[in-house]
1. Among B:71/B:238; B:35/B:125; C:246/D:143; B:210/B:238; D:113/D:238; D:217/D:285, which pairs are too far apart, with a Cα-Cα distance over 30 Å?
2. With the cut-off at 27 Å, report for region B:151-299 the share of all Cα pairs above it, as a whole percent.
3. Once you average over the residues of A:111-123, how many Cβ atoms of partner chains fall within 10 Å of each Cβ?
4. How do C:266-277, B:44-55 rank on mean C-beta neighbours within 10 Å, highest first?
5. Given the rotation that superposes chain C on chain B, what residue of C brings its beta carbon nearest the axis, and what is the distance in Å?
6. Sequence-distant or interchain residues sharing an amide H contact under 5 Å with residue D:245, placed H: which?
7. Return the long-range amide H neighbours of residue D:281 (sequence gap of 5 or more, or a different chain), with a cut-off of under 5 Å between placed amide H atoms.
8. Using only the Cα atoms of region B:53-174, what do you get for the radius of gyration and for Dmax, in Å?
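Every read-out reported here was derived from the displayed coordinates using simple, explicitly stated rules and does not represent laboratory data. Not measured: the values here are computed from a predicted model. Cβ sites come from the backbone with ideal geometry, for glycine too, and all protein chains shown count toward neighbours.
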Protein chains: 4
Amino acid sequence: MLIGKTCRLGRRVRTYSVQHLARLFTSSGNMAKSKFEYVRAFETDDTCLRNCYIVVRLDGRNFHKFAAQHKFTKPNDDRALGLMGRSACSVMEELEDITIAYGQSDEFSFVFKRTSTWFKRRASKLMTHVASQFSSSFVFYWKEFFGEQPLLYPPGFDGRVILYPSNRNLRDYLCWRQADCHINNLYNTVFWTLVQKGGLTTAQAEDRLKGTLAADKNEILFAEFDINYNNEAALHRKGTTLIWEKRDETVTKCMKLLNKEEKDVPVTRSRRRVEAYHCDIIGDKFWEEHPDILEDDNC
Amino acid sequence: MLIGKTCRLGRRVRTYSVQHLARLFTSSGNMAKSKFEYVRAFETDDTCLRNCYIVVRLDGRNFHKFAAQHKFTKPNDDRALGLMGRSACSVMEELEDITIAYGQSDEFSFVFKRTSTWFKRRASKLMTHVASQFSSSFVFYWKEFFGEQPLLYPPGFDGRVILYPSNRNLRDYLCWRQADCHINNLYNTVFWTLVQKGGLTTAQAEDRLKGTLAADKNEILFAEFDINYNNEAALHRKGTTLIWEKRDETVTKCMKLLNKEEKDVPVTRSRRRVEAYHCDIIGDKFWEEHPDILEDDNC
Amino acid sequence: MLIGKTCRLGRRVRTYSVQHLARLFTSSGNMAKSKFEYVRAFETDDTCLRNCYIVVRLDGRNFHKFAAQHKFTKPNDDRALGLMGRSACSVMEELEDITIAYGQSDEFSFVFKRTSTWFKRRASKLMTHVASQFSSSFVFYWKEFFGEQPLLYPPGFDGRVILYPSNRNLRDYLCWRQADCHINNLYNTVFWTLVQKGGLTTAQAEDRLKGTLAADKNEILFAEFDINYNNEAALHRKGTTLIWEKRDETVTKCMKLLNKEEKDVPVTRSRRRVEAYHCDIIGDKFWEEHPDILEDDNC
Amino acid sequence: MLIGKTCRLGRRVRTYSVQHLARLFTSSGNMAKSKFEYVRAFETDDTCLRNCYIVVRLDGRNFHKFAAQHKFTKPNDDRALGLMGRSACSVMEELEDITIAYGQSDEFSFVFKRTSTWFKRRASKLMTHVASQFSSSFVFYWKEFFGEQPLLYPPGFDGRVILYPSNRNLRDYLCWRQADCHINNLYNTVFWTLVQKGGLTTAQAEDRLKGTLAADKNEILFAEFDINYNNEAALHRKGTTLIWEKRDETVTKCMKLLNKEEKDVPVTRSRRRVEAYHCDIIGDKFWEEHPDILEDDNC
């Protein structure tokens, strides 16, 4: 990397008269700029259809390799999952029209409210900003979760935008992701138990699990290793759901009294903050308990 | 931020029989997943038109504030410009189909070759990956350029994709950005000279420059401050252009000789690496000296 | 127009040996075709977002001139409105997933049901087929409405696709078009009454109406010409709404009796057919009376 | 079809006072319209990328059935091909930015010049207008080609838009269509010769041709039926290419002479008109002879 190096072309700096400079800069300046500005017309409009939920989903790039190089524990690394959640939280705090986010493994989905006008609903702006904020946060907060273990290189995530016209569609999207979390985590839990506690090689474990159903996997855990899958950590089984919640906070504020003295008094105020849940979002319960996340369909 | 907190819903863990579990997991597992999978059909195809250059441009979010909070020097902060270039270089090394990148101020443009099939030319993947890699690199390499001065929060960039069908269009795009660099830098140079050396307030400086042409600004610099704008740093006047270059490198390699002894011998090999230029890319010279960047129009 | 003329290049037909022909045709035949087939990859996917109503609206091209040249009566020509409706009906019969169509003046809107998979929901196919079928029908049925008055040239219509995610949005779209019908028809009715019965020039009539509200226009009609606008033809005030309705039809069918004789017997069967309404579709009444047009929002 | 029928809802016309009417119409008029106008924001921008050729291709809908019902001759019906060409010509005369059109069988492609700003390059407008004009022309000119044989029903065409960034791409697109014409016509020619002159059933003919190459097909024609395929009509082998050509026309014009007498004098003027060719457009010859069709790539 040679940033800062003088370029060969730039080296031959001639001395100009002021008159010459004037001409030169006029022609290569504003006038030239307006001559080139036609290229702006090649930009296309990618406004998201109104009245639809906008979902941005990020996926880690080559995270299999990233996990290996950073010695993530198997089948789940709580530091990595915590960092993913922390980065997602940073995204939500930056882009306030996100009402709910859901993450598992190396992916995170962010849902903008259907009436959002953030970035004029331009898909490219929304997804790049989410990808950017998430990625810079991932590096920024690394130390909070991995302590002295160094980050070896800057990781990458890619993203996409998907629109959902109805509450049912949006909920089914989130169900899909949580069902995916469940399937993968059940598999990974049995697989690594067979390897770590059962002494199988990874090839043997893979072979053993070929063609098994969920019930079979649960039975292997229960019968052979006395593990009740349902007692496994909710974080691993259910993933992470982030939503905004109003909290009453008591803060100390300096108030001027009637007699003009100043005094510290406790003041209660309501603040929105991001809260994390590791619970089922497939059933109705979660949605009944948080009725503000979804907006009326027929609007 | 409550990442890791157990959720209220998740707390009430009931004990299931294995039979019950089997049913439960089957229904909320693979079968449920396939029931929800219809939501994938809502994804849209955003493949970039073939045989066009794909440009991804990133712009800093709220970098005016970011610069102030991190005490960037005015009118240009070489540490910040270096970090921008370093991050762009990291993007190029990660996405090899980028043939040229150009940056100035808080923006950077990346040009994918017109025949690229990276990510199947999917616009969303291309721009989010660029935005992500750039942002994580910006935090990752911060220390290299800012030393002990801490990064206060993770910065954000947004991006967009623009397609250019011809070499002329692409060159004019890059001309447009370099002309913009020139106009802004000339203005900023005079403005901050008037403030820093001329003792004007920022309001006075703004007033002084209202309605001036490039020639007028050059004359202020030359006549009042004895500054020949053309002698200012090329990095500031021309921005940063990154391209791939082949270099012969001599490395020492351990070779087995005929008599089975091992010996360290010097070996020359050709390697592609990213090089930075701070030169004019508006004229033909640069393009004539690097004929590999553009591809034939009529292909 | 020289369709059928032999082209200069084609004239010089040489006589080939069969061997030569074989080579020639192989190279300019299948092999050549596959060599060129890469151009298919330039087609883009324009699938309409799922679970949204797909509206195709057609507008007459230069119908002001078309109306003048074909001596349409002012302010409304019932023959032309009838022909528009007939052509729209032809479109609905051809594309069965259209559940409702609304037309006024020289425009017609067609609504595909939100779950339609017609043409795989490809926007270009949907709108071109509608535009094509409407236009060929317009010429085909001309005689039914204009009798011996000849059609002077083939008319053109252009179209567009708009997606609506909710029932409210779709109904508001139709309200928008019917409100437009009302505003224009009220204006045109007063305008042409002032000209045809009031003896004003068109310039004077335009002047007279400048700045008037709906109430003023109604009063002009009522006070000066004894016309109650509400008694004007519903076709003009409300436009044309086409929907599918089930009707019981009694048809005579030839049946084979037990004794193997054949006999004509009356058979009642239910048939879907397009029906035209000229009524208010802004209020709830129409929608309550035809509950099948809209689908459930939360699906 | 009940166009013109009074609708049930519309029948119950109440008599209003003028005051009531005023209120009513104000609320259901302009104000109401503006309340609904938000639905316009759901329209999306589908501007075609600048500096690309815009191709609109139309295909007949169910033309197999259409051909059978209208007793088209096999393998080619010159009346139908003539009507297709006539309709395409009508499209070109209406949309002047089309520089070349190519048709074969029941399809026709129209090429807009790369710098066209017709309809602001909006894809939906371009393709629907082409589809509409073509279809109305097809019915309008039917009689010119089919005489007293009636058109049984209005036919439909669907269309699509494809963008090509370079001259090579555009030419390859046209090559692809002409190669397709060749392959299909050679097959159809042999197939129907086997049936019509060879006395085979269609199933036998199909069987006979299974797996044959172009050379084999030529040999069947030549050896068994003494037909040199190359002597078949160019219209069938090469399809129809329409371009604009300048022609000098001599018209008689009434001129006022110096002595104020009027006199008819012959005047020569240059006029653009659409010309049809049935020649090879795969090779360079056609393009060299008509250099104005393609524009410079590097613009």
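1. The answer is C:246/D:143.
2. 52 percent
3. Per residue, the average neighbour count from other chains is 1.
4. Numbers: C:266-277: 13.9, B:44-55: 21.5.
The densest-packed peptide leads the list: B:44-55, C:266-277.
5. With distances in whole Å, chain C gives C:45, 2.
6. Long-range HN contacts for residue D:245: D:273, D:274, D:275.
7. none
8. 14.8, 46
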